[in-house]
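Engineer: Could you have a look at this structure, given as C-alpha cells, before my questions?
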Amino acid sequence: MLSETDIEATSYFTHLECTRTGERVEAGQLHNLSPAGAPLFARYDLEALAKNLTRKTFAERPASFWRYRELLPVRDAAHIPALGESFTPLVRLNRFSDGNVIVKDEGRLPTGSFKARGLGMAIAVASELGVKRVAMPTNGNAGAAMSAYASRAGMESYIFCSNDTPDLNIAETALQGGKVWRTNGQIDECGKFVHAGEEPMGWFNMSTLREPYRVEGKKTMGIELLEQLDWEMPDIIFYPTGGGTGLIGMWKVFAELEATGLIGSERPRMVAVQASGCAPIVKAWNDGAESAERWENAKTGAAGIRVPSALGDFLILRAVRESGGFAMAVEEEEIFDARAQIAADDGLLLCPEGAATAAAYSKARAAGLIDATDRAILFNCGNGLKYSMPGDAPLMDVRGAVD
C-alpha cells in the first residue's frame, strides 16, 4: 500500500450524484446504484480546486494514474493498493503515412489491461470503507485486475465469466487469488447472478458502473493522454466499447479539467467502437435512441466488447452525441485483419478490442467521416500476448546439411 508520503495530495471529493436525476448522495459509505437505479458519479469541489491546481502540480509527481489525487475519490493514500502502475505509452502507427494515428497502449499496466485503472481505484475506496469481499462478472481482463488488486488489499474476490472466456484470463485470475467460475451465461447474466448474491454472500458488487469508482479510475486515461500531448486535445478518440466506462470517464474528466482551468472548451470527437456481432450502442446510435436494447446472441472474438446490455448505455450515447462523434461496428474479419497487419507492419501486437479501433479508423477514413489530418487516438485496452494467435513455425533439421 502507498502512504501519504508517497503522494502528498488532498482529494477534493465531496459527494456522489445520480446521473439521471442529479440527486445528491452522501459519500463515506458504500453505494451501488442511486435511489433512481442509475449509476452514481463522484463530484468534487472544482471551484476550490481551480484555486489550488496547476498543470505543474501533476508533473512534479511520479508518472502513475495515482498522481491525480485531487480529482480522485481516495481520501487516504494508505489504502491505495499500488502494483507499480506507470504511464502507458503513445505509439505512432507507421502504416498510416500521414502519421496522425496514435495508439495509447494500455496493455502495459499491471495485469496487462486498462482494467487496472478502474479496479485499482474501486478497490482503494472499498478498502477505505472496510470491504472484505468483492464480486463481479467479467469477460476476462476485469476479473484478472480485480483479483490482483483485491489480493493486494487483503480482500476476497469472486469472479463469474462466460464459458468461452480466454483460458489465460481464467488462470491469471485464479493464480492471483480470485475464486473464479465459468458459467453458461453472457456477462450481463453473470451480473444478475452477482447482484442476487449480494445479501446471502455478503460481497460488494464491483460490476461496471454499479458502483461509483471504477469510472473515476478510468477517467485518468483522459488526463494522462492530455499530459502526454502537452495538453493539446486530439481531434478524435476511437474507444473499444463494451460497458463504456472509459469513454464515459474521459468525457467526465474533460469537463472537470475545464472547470479547474486546466483546459479550455475544446473536445475530441468520441467514437464508440463495437463488433458487428454485439453492437447495441451502434444500433441505438443509428436509431437515434437514448438507450440501447439488449443484443441477443452476442458473438465476437473481441471478448472485452461482447457486452449485450450496458448499464451506462445512456451515458455512452450522451458523450458520443455531445462530442459530435459517432458509433461504428466492425466485422470480425476486419478486426483480425487489422491486428495482423499492424503486428506485421509496425511490430505492435494489439488485443482484438484494440484492433477493432484500428479497423474502425480505416473504415471511418474510407467513408469520409474523418480526414487524414485529424489526430486520432486509438485505445488498445489489453496486452496482445493475453490472446490466442494464429500460425505456427515449420520444423527445420539444423543437424543436416545446410540448404
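Engineer: Select, from GLY242, GLY246, the only residue that is part of a loop (DSSP other than H, G, I, E, B), under 18 Å from the mean Cα position of the chain (by Cα) and under 25 Å from LEU385 (Cα atoms).
Structural biologist: GLY242
Engineer: Follow-up question, since we're still on this one. Considering every residue within the range 274-285, establish whether at least one is over 25 Å from GLU333 (Cβ atoms) and at pLDDT 95 or above.
Structural biologist: No: zero hits.
Engineer: Does ARG75 fit the bill of being closer than 20 Å to ILE123 by Cβ, surrounded by fewer than 20 Cβ atoms within 10 Å (Cβ to Cβ) and in contact with a strand residue (DSSP E or B) (Cβ under 8 Å, 6 or more places away or on another chain)?
Structural biologist: Yes.
Engineer: For the range 215-246: of the residues being in contact with a helix residue (DSSP H, G or I) (Cβ under 9 Å, 6 or more places away or on another chain) and of a type in the set (Asp, Glu), which is nearest to SER309 (Cα to Cα)?
Structural biologist: Here the residue is GLU216.
Engineer: State yes or no: is GLY191 outside the structural domain of THR54 (by TED's automatic domain parsing) and out of contact with any helix residue (DSSP H, G or I) (no Cβ under 6 Å at 6 or more places or on another chain)?
Structural biologist: yes
Engineer: Then there's this: Name the single residue that is surrounded by the fewest Cβ atoms within 10 Å (Cβ to Cβ) among those in the range 307-342 being of a type in the set (Val, Ile, Thr) and assigned to a helix (DSSP H, G or I).
Structural biologist: VAL320
Engineer: What residue, among those in the range 158-181 that are charged (D, E, K, R) and surrounded by fewer than 15 Cβ atoms within 10 Å (Cβ to Cβ), is farthest from GLY301 (Cα to Cα)?
Structural biologist: LYS179
Engineer: For the condition more than 19 Å from the chain's Cα centre (by Cα) and farther than 29 Å from THR19 by Cα, what is the one hit in ARG108, ARG92?
Structural biologist: Unique residue meeting the criteria: ARG92.
Engineer: Name, by its number, the condition in (1) buried (at least 22 other Cβ atoms within 10 Å of the Cβ); (2) of a type outside the set (Phe, Trp, Tyr); (3) out of contact with any Pro (no Cβ under 9 Å at 6 or more places or on another chain) that does not hold for GLY264.
Structural biologist: Only one criterion is unmet by GLY264, namely (1).
Engineer: Assigned to a helix (DSSP H, G or I), in contact with a His (Cβ under 7 Å, 6 or more places away or on another chain) and of a type in the set (Gly, Ala, Ser), is that true of ALA148?
Structural biologist: no
Engineer: Using the structure shown, decide if ASN94 is more than 18 Å from ARG214 (Cα to Cα) and of a type outside the set (Phe, Trp, Tyr).
Structural biologist: yes
Engineer: Same structure, new question: Among the candidates ARG210, ARG267, which residue alone is out of contact with any strand residue (DSSP E or B) (no Cβ under 8 Å at 6 or more places or on another chain), outside any helix (DSSP H, G or I) and touching a residue at least 60 places away in the same chain (Cβ under 8 Å)?
Structural biologist: Only one candidate passes the filter, namely ARG210.
Engineer: Give GLY107, GLY84 a once-over and let me know the one that is assigned by TED's automatic domain parsing to the domain that holds PHE379, in contact (Cβ under 8 Å) with a residue 12 or more places away in the chain and either among the small types (Gly, Ala, Ser) or buried (at least 21 other Cβ atoms within 10 Å of the Cβ) (or both).
Structural biologist: So the residue among GLY107, GLY84 that is assigned by TED's automatic domain parsing to the domain that holds PHE379, in contact (Cβ under 8 Å) with a residue 12 or more places away in the chain and either among the small types (Gly, Ala, Ser) or buried (at least 21 other Cβ atoms within 10 Å of the Cβ) (or both) is GLY107.
Engineer: Can you tell me which residue is nearest to GLU211 (Cα to Cα) among those in the range 12-27 that are of a type in the set (A, V, I, L, M) and part of a strand (DSSP E or B)?
Structural biologist: LEU16
The values are calculated or read from the model by the stated rules, or taken from the named source; none is laboratory data. Computed from a prediction, not measured in an experiment: that's the story for all the values here. Please note: Cβ atoms are built from the backbone with ideal geometry, for glycine as well, and neighbour counts cover all protein chains shown.
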